[in-house]
Amino acid sequence: MVHVLDTRHLDRPGIIASTAVEADDGLVLFDTGPESTFGNVAEQLREAGFAAKDVRHVFLSHIHFDHAGAAWRFAKLGATIYVHPRGAPHLIDPTKLIDSATRIYGDEMEKLWGQFAPIAEQSVTVLHDMDVVRVGPFEVRAIATPGHASHHNVYQWEDNVFGGDVAGVRLGGGPPVPPFVPPELHIESWQESIGKIRALNAKKLYLPHFGPIQGSVSAHLDALDGRVRRWAIWFRDRMRAGHGEQQLISAFAEYVADELREEKATEDEIRDYEYADPSFMAVGAAMRYWQKHHSEDVSRFQSEDGQL
Ligand SMILES: [Zn+2]
């Protein structure tokens, strides 16, 4: 039995989910949501007849605070935390992670994400690509899926895949979009990861943003793949033409809103997408990606100050 728990982050429903699955020896959680919403998750677990301490296994898609922020709370209650090898050091010593997030969020850190604490090393288990964990009679398989972040896993459990951000953000009745965030956005890896998820032939795909997708998993992945490519090219062409960061932020927000509107998203949903996946982050991520990995593709017509 699967329970999609709504963290109601900043009182907004339907944006950040933590997903619980019942196993023989307690609960399994796929992503925890931020620490600031730990109380909301615990309350929903109680409503489902459980307590937070019943969570024995926590599988993290990646270590960004909206996914892993409350992991240390569950670890304190005795859960084992599973994570990609590159994510593990930052759970055990979150100093660098907190510093880099503080550069983005500044004074909003606590309000957005709550409290931070290290996780004891013995509570963290790293999972490499295709590693399997036995949970009661079940097997959970980790699939390394970089693109959104280099340390990203998705997890397969029978016919289900628990997707993480590489599998897209899909809110309300809207389409899947790829959350581009710095500093590790990598387009080719993302597309390969979508291929790996497709090869799992899952019947159900659960997203942290938000919940099980309706309809076919392969149609979802096709739409996501198309958008990864389209967005990357949109940025490449404008960078090539010499557009600067500020100009791109407003233009990209407009471009995404138009795309979502065409796909029948409501104005409220468009706001939710912007909240879950802010345009300014996508711009920073895409500019860094192109400059770092394909600078020859974006600098040809630019003079030194980046203007035409
Ligand atoms: Zn996320």
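The values are calculated or read from the model by the stated rules, or taken from the named source; none is laboratory data. Because the structure is a prediction, the values reported are computed rather than measured. FYI the Cβ positions are ideal-geometry reconstructions off the backbone, even for glycines, and counts take in every protein chain you see.
The single residue among Asp107, Asp99, Asp131 that is in the same structural domain as Ala68 (by TED's automatic domain parsing) and within 30 Å of Val21 (Cβ to Cβ) turns out to be Asp131.
Could you tell me whether Leu29 is closer than 16 Å to Arg73 by Cβ and not in a helix (DSSP H, G or I)? For Leu29, the condition - closer than 16 Å to Arg73 by Cβ and not in a helix (DSSP H, G or I) - is met. Pairs meeting the criteria (first residue in the stretch 1-19 and closer than 17 Å to Arg46 by Cβ, second residue part of a helix (DSSP H, G or I) and within 14 Å of the ligand (Cβ to nearest atom), beta carbons under 6 Å, at least 6 apart or on different chains) are Thr7/Thr37.
Among the residues of the stretch 129-168, the one identified as under 20 Å from Asp93 (Cα atoms) and either surrounded by fewer than 19 Cβ atoms within 10 Å (Cβ to Cβ) or among the hydroxyl-bearing types (Ser, Thr, Tyr) (or both) is Ser150. Restricting attention to the stretch 62-73, which residues are within 13 Å of Leu91 (Cα to Cα) and within 16 Å of the ligand (Cβ to nearest atom)? His62, Ile63, His64, Phe65, His67, Ala68, Gly69, Ala70, Ala71, listed by residue number.
For the stretch 174-231, enumerate the residues that are of a type in the set (Phe, Trp, Tyr) and either within 24 Å of Glu267 (Cβ to Cβ) or surrounded by fewer than 21 Cβ atoms within 10 Å (Cβ to Cβ) (or both). Passing the criteria: Phe180, Phe210, Trp231.
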